[in-house]
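Worksheet: one structure, shown below.
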Amino acid sequence: MTSPPARPLAVGILVFDEVEVLDACGPFEVFSVAARPRVAATGSATATFTVVLIAASRTTTRVRARGGLVLTADHTLSDAPELDLLIVPGGVTTAVETDADVIAWIAQRRTTPTLASVCTGAFLLAVAGVLTDQEVTTHWEDQAELAQRFPALRVTDRARWVGGDGLYTSAGISAGLDLSLHLVATLSTTAHAEATAHQMDYAWRR
């Protein structure tokens, strides 16, 4: 087995008030399970991971997700670490789309080696100028709006996720699990992703 690198890959998930719970917590579960030593060993991992939540705020780590679930993030925008992978989940994104500070922060992270959105997180990447003319997807309920607001994007309704070369978008909510497993496979090994899905007792839709 090839040994994982000495430094785990840093995964950050942006969270904000009214974030969709599974959009954020699904990827968190995937990468935290993938980081377990036994899972990594079973999957002949070539990479392992640390995963943190980053609040879309300069002043508080407390976030109230959709349905009232309260999350305490590890970081604010001000002290967020350098990342190897940034995941931008969706939910009710209206307020975040008009928060110039958050949008600027996302735009500044465009040089992160891998960026991904889940569900309506695609709107935040588009507003920030990270998505420009790529093939993208989002929740089925929001695809028409995404296409209307950002006509240069090629919005597809035929995939759980799309992307490559370090930039990915997924369809709605549970699709973030499938994209996250794909990212484990891309950044480590397919066997590592399969071992992660098996540990989660989840049927990976590739």
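Every number here is computed from the coordinates shown, using simple stated rules; none is lab data. From a predicted model like this one, the values you see are computed outputs, not experimental measurements. Positions of Cβ are backbone-derived with ideal geometry, glycine not excepted, and every protein chain shown enters the neighbour counts.
Quick one: in segment 78-100, which of the residues that are part of a loop (DSSP other than H, G, I, E, B) and of a type in the set (A, V, I, L, M) is surrounded by the fewest Cβ atoms within 10 Å (Cβ to Cβ)?
Checked segment 78-100; the qualifying residue surrounded by the fewest Cβ atoms within 10 Å (Cβ to Cβ) is 92.
Please determine whether any residue of segment 54-66 is more than 20 Å from residue 7 (Cβ to Cβ) and either buried (at least 23 other Cβ atoms within 10 Å of the Cβ) or in contact (Cβ under 8 Å) with a residue 60 or more places away in the chain (or both).
yes
When you scan segment 67-77, how many residues do you find that are in a loop (DSSP other than H, G, I, E, B) and touching a residue at least 40 places away in the same chain (Cβ under 8 Å)?
Qualifying residue count, segment 67-77: 2.
Is it the case that some residue within segment 68-77 is of a type outside the set (Asp, Glu), surrounded by fewer than 19 Cβ atoms within 10 Å (Cβ to Cβ) and under 19 Å from residue 180 (Cα atoms)?
Among the residues of segment 68-77, not one is of a type outside the set (Asp, Glu), surrounded by fewer than 19 Cβ atoms within 10 Å (Cβ to Cβ) and under 19 Å from residue 180 (Cα atoms), which makes the answer no.
Quickly run through segment 32-47 and pick out the residues that are buried (at least 24 other Cβ atoms within 10 Å of the Cβ) and either within 14 Å of the chain's Cα centre (by Cα) or within 30 Å of residue 78 (Cβ to Cβ) (or both).
34
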